[in-house]
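Asks: Can you read through this structure? Questions will come right after.
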Amino acid sequence: MPAFTSDRERCLWLWTLAAVVAIYSSLGFAGALAGALRDRNLLDTSFFAGVLLLAAVIAWSGLQRRPGCREIWVALGILTVYGMALLRMGIGPEERTHLIEYGLVAVLIYQALVERRRQGRRVPRPAALAVGVTVLLGWLDEGIQWLLPNRVYDIRDVGFNALAALMAIAASLALARARQWWPNGEDR
């Protein structure tokens, strides 16, 4: 029996692996990079530019599908929630990146599990499973940081990773629900 049920599932797992490797491989130099950007007063600007770039990519990707009105309104609501969370959290940009990094990982895992289920494999509760796996990966991230001399283990970061996974999966489920309201585009 092949490990993957489709090319799409294989691709999603490879993107998940790439995202996790990128996160873990940056652990050694992320603090120094953040410090250098902070010294030049560019940390907040760099973070904001990254968020805008991510939002533009997501919007472009979403518009390729020609979304209906309800889907657009749900997406705008999700963007508002993310924007408020990023702006109102009393933490620095380094911690806020968890919402993006582990949100992406959670969505990739979720989509891979949904694709696996769509292809006939038994996948119980893909949303809950995606959140659980993402939380474990985030906890491993903190465990690796505990071993690094220039980093520290912070249980709050584990919480941010879990929050990121929950927010991203909730957003994915809300968008999927909006698409189901009028799947043939009657609200366009």
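Asks: Please verify whether the range 71-78 includes one or more residues that are more than 18 Å from the chain's Cα centre (by Cα), in contact (Cβ under 8 Å) with a residue 40 or more places away in the chain, more than 23 Å from Leu163 (Cβ to Cβ) and loosely packed, with under 15 Cβ neighbours inside 10 Å.
Replies: For the range 71-78, residues more than 18 Å from the chain's Cα centre (by Cα), in contact (Cβ under 8 Å) with a residue 40 or more places away in the chain, more than 23 Å from Leu163 (Cβ to Cβ) and loosely packed, with under 15 Cβ neighbours inside 10 Å: present.
Asks: Go through the range 122-179 residue by residue and tally those that are buried (at least 19 other Cβ atoms within 10 Å of the Cβ), β-branched (Val, Ile, Thr) and at pLDDT 95 or above.
Replies: So the answer is 3.
Asks: Also, I was wondering about something else. Taking the range 138-161 on its own, how many of its residues are in contact (Cβ under 8 Å) with a residue 40 or more places away in the chain, assigned to a loop (DSSP other than H, G, I, E, B) and in contact with a helix residue (DSSP H, G or I) (Cβ under 7 Å, 6 or more places away or on another chain)?
Replies: Number satisfying all stated conditions: 2.
Asks: If the requirement is being outside any loop (DSSP other than H, G, I, E, B), touching a helix residue (DSSP H, G or I) at 6+ places or on another chain (Cβ under 7 Å), surrounded by 13 or more Cβ atoms within 10 Å (Cβ to Cβ) and free of Cβ contacts under 8 Å to residues at least 40 places away in the same chain, which of these qualifies: Leu37, Leu54, Leu99?
Replies: Selected residue: Leu37, the only one of Leu37, Leu54, Leu99 that is outside any loop (DSSP other than H, G, I, E, B), touching a helix residue (DSSP H, G or I) at 6+ places or on another chain (Cβ under 7 Å), surrounded by 13 or more Cβ atoms within 10 Å (Cβ to Cβ) and free of Cβ contacts under 8 Å to residues at least 40 places away in the same chain.
Asks: Looking at Val114, Val105, Val135 in this structure, which one is part of a helix (DSSP H, G or I), of a type in the set (Val, Ile, Thr) and farther than 22 Å from Tyr82 by Cα?
Replies: Result: Val114 is the single residue among Val114, Val105, Val135 that is part of a helix (DSSP H, G or I), of a type in the set (Val, Ile, Thr) and farther than 22 Å from Tyr82 by Cα.
The values are calculated or read from the model by the stated rules, or taken from the named source; none is laboratory data. Here the structure is a predicted model, which means the values were calculated and not measured. Please note: Cβ atoms are built from the backbone with ideal geometry, for glycine as well, and neighbour counts cover all protein chains shown.
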